[in-house]
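Quick notes on the structure that follows.
None of the figures in this text is laboratory data; all of them are computed from the coordinates on show. A quick note: this is a predicted structure, and the numbers were derived from the prediction, not measured. Here the Cβ positions follow ideal geometry from the backbone for every residue, glycine too, while neighbour counts run over all protein chains shown.
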């Protein structure tokens with residue numbers, strides 16, 4: 001294997017391992033927040049992710065879309081926000097401010113607005129959408145998904161170590177072969193055997 005390719009593979013391995021470690025950490029954080037704090041949308045460092053579960057925001061958001069959510073210091077009419085309603089998360093648009101601390105939201109596809117909510121209940125504003133990956137995102141955050149990620153990370157680490165060992169063995173064998181070749185080229189010719197001497201004498 002050529003050195004540039006080997007370096008590239010190692011770089012890819014380490015990037016994947018870092019990504020997996022972040023996903024594992026986020027999954028554990030999310031699980032603990034949901035279990036102990038009844039928080040359906042943990043927001044580490046002010047960012048989170050949520051999966052759209054209904055068609056109330058069609059056509060802008062569809063079922064199984066993943067939305068990235070960012071906590072904001074203030075919100076405006078027209079913002080698509082996420083808030084917790086009991087045990088569920090709601091992704092709707094702010095349509096009206098009733099006062100400084102109370103807003104009214106509504107799904108784009110709904111005919112009636114939601115009940116007013118305190119602005120403090122808003123988790124954040126949806127700022128990016130990734131279509132049709134919500135199921136995969138939920139799987140990653142599940143205990144099974146976390147176990148699969150850990151297993152894959154261990155496998156990649158083992159594969160990288162094995163590839164390194166095999167490459168080192170090939171390099172060592174190539175060096176030894178070159179040393180043997182050089183020794184053979186530098187050594188004087190072997191003296192003739194007794195049978196060869198006798199045959200020459202008879203001539």
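One table, with the values for the structure above:
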read-out: Rel. contact order, % - alpha carbon contacts under 8 angstrom, at least six apart, the stretch 50-129; value: 34 percent
read-out: Highest to lowest packing among 159-166, 63-70, scored as the average C-beta count within 10 Å; value: 63-70, 159-166
read-out: The stretch 50-129: Cα Rg divided by the 2.2 N^0.38 Å rule of thumb; value: 0.99
read-out: Footprinting exposure proxy for 41, 182, 157 (fewest neighbouring C-beta atoms within 10 Å first); value: 182, 157, 41
read-out: Fully extended contour minus Cα-Cα distance, from residue 184 to residue 132, at 0.36 nm per residue; value: 12.1 nm
read-out: Efficiency of FRET between residue 115 and residue 154 - r from beta-carbon atoms, R0 41 angstrom, step 0.05; value: 0.25
